[in-house]
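A short worksheet on the structure shown next.
Every number in this text was worked out from the coordinates using simple rules, so none of it is lab data. Treat the numbers as computed from the prediction; the structure is a model and nothing was measured. No Cβ is skipped: glycine too gets one built from the backbone with ideal geometry, and neighbour counts run over all protein chains shown.
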Amino acid sequence: MPDGGQVGLSRRSHALAESPLSDEIYHLPMRSDVPRHRRPLRIAAAVASVTALLLTATSWAGFAAVKGVEGNLAVDTSLGRQLVAASAAPSSSSEPNTPENILVVGTDTRTGQGRAYGTTVDSSGYGHSDTAFLLHISADRKSAFAVSIPRDSWVVRPGCRADGTTDGTLTPPGRFNTAFAVGGRNCVIAAVKYLTGVPVNHFVEVNFLGFEAIVNALGGVDICTTHAISDPVRRTSTGFVGSGLELPKGNVHVNGTQALALVRARHIGDGSDLSRIDRQHQFMSAVIRQATSAGLITDPVKLYDVLSKVAQSLTVDAGLTGDALQEFLLSLQGLKPSAIRFYTVPNVGRSDHATVEWVRPAAQLMWTAMIKDTAYPAKAKATASSSAGTTSTKSASPASTDGSSPSTASDATCIS
């Protein structure tokens, strides 16, 4: 069913579902209902694409380019059933804007994207949300922080019908990314609202081809690695594995195909989802630095091409179009890459070595900061004070991450 019929409905606000914001972590039986080898797109694609659009568009040249490429955006007008309108009253009487919470997902659907990304038998239609992040932009537009939600978070969420409407039930424990597979965009929005208590104001979805095209439009991205990376395609007892990526140690310039392989790779490092998120945060920082460089902002032809590729890769809600989009982008002119921090939801690996549980007290500090539009952590500084990739662990289990160490979009740490 294309998009589960998620078009054509009017936008309206909905009250938040009651959220299970307890001071406990989940201790639940494992359920392996989703094959891990069929979920390759990583959060770097989503973060880099969306943040590149936001930050490059805050220059006047970028703003003019966005007006020209806005028609390339796909718009899902049904998302008003779950999205919450931003409060009419800003967090401070001195602020002209309201805080915004944007849910961004990268999907692994192969529909219409060619066999290079697997067949439509592997994942068609909705696909899975292969890790999502919730981006909070402060009312004063001086800071923002994003929290990655690992795809293998073990959660209970609202049950959904195929069209994305909730059915009034709660699901048995399972992986977070099944929400998108079952009910599409509205279902994953409902899951995030239920799990966090955060009002979600906007939604952005990023696909495979968009990420590769964006990196190519930038002319590639400069990164550095702490060691040579070799992940050849090879046959195992369960089928073929490996991304085909081969990179030398040190400084290297990667194209779109190499970049996609880097953020997809499951068989380098320790292979855990959390170590991949570390790598994705580092690569994302490199993309944002390049997308916001003076060379791009002052080159209108290249800028238009980059923003056009970004727009073609996105599906957004109706609130991120037209005058509302333009006003939102204009409000971000003072937001700098160094003021955008990236975290992973605090979690601990489960004994199955495949899924993670959220550590509720620590996670709740993040969600409360979003709800109240306050700094996270309480004394957060909008500087690149820590290296990229320190937001999560080197192993999915039994180690844990408290989510307290940020990376920022200005960090230039090498990928490990």
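Please find the FRET efficiency linking ASN255 to LYS379, where r is the Cβ-Cβ separation and R0 is fixed at 51 Å, and quote it to the nearest 0.05.
E between ASN255 and LYS379, to the nearest 0.05, is 0.80.
Along the positive direction of the dipole of the stretch 138-237 (beta-carbon charges: Lys, Arg +1; Asp, Glu -1; about the Cα centre), which of ALA190, PRO150, PRO173 reaches farthest?
PRO173
Report the calculated FRET efficiency for ASP222 and THR169 (r = Cβ-Cβ distance, R0 = 51 Å), to the nearest 0.05.
0.55
Give me the dipole magnitude in Debye, nearest 20, for the stretch 170-240 about the Cα centre, with unit charges on the beta carbon: positive for Lys and Arg, negative for Asp and Glu.
It works out to roughly 320 debye.
Which value in Å does the Kirkwood hydrodynamic radius of the stretch 232-366 take, with 1/r averaged over all unlike C-alpha pairs and then inverted?
18.7
Given the Cα-Cα distance of LYS142 and GLN333 and 0.36 nm per residue of separation, how much length would full extension add, in nm?
Working it through step by step, the gained length comes to 67.8 nm.
Would you kindly compute the Cα radius of gyration of the stretch 148-241 and its largest Cα-Cα separation (Dmax), both in Å?
Using the Cα atoms of the stretch 148-241, the pair Rg, Dmax is 18.3, 50 Å.
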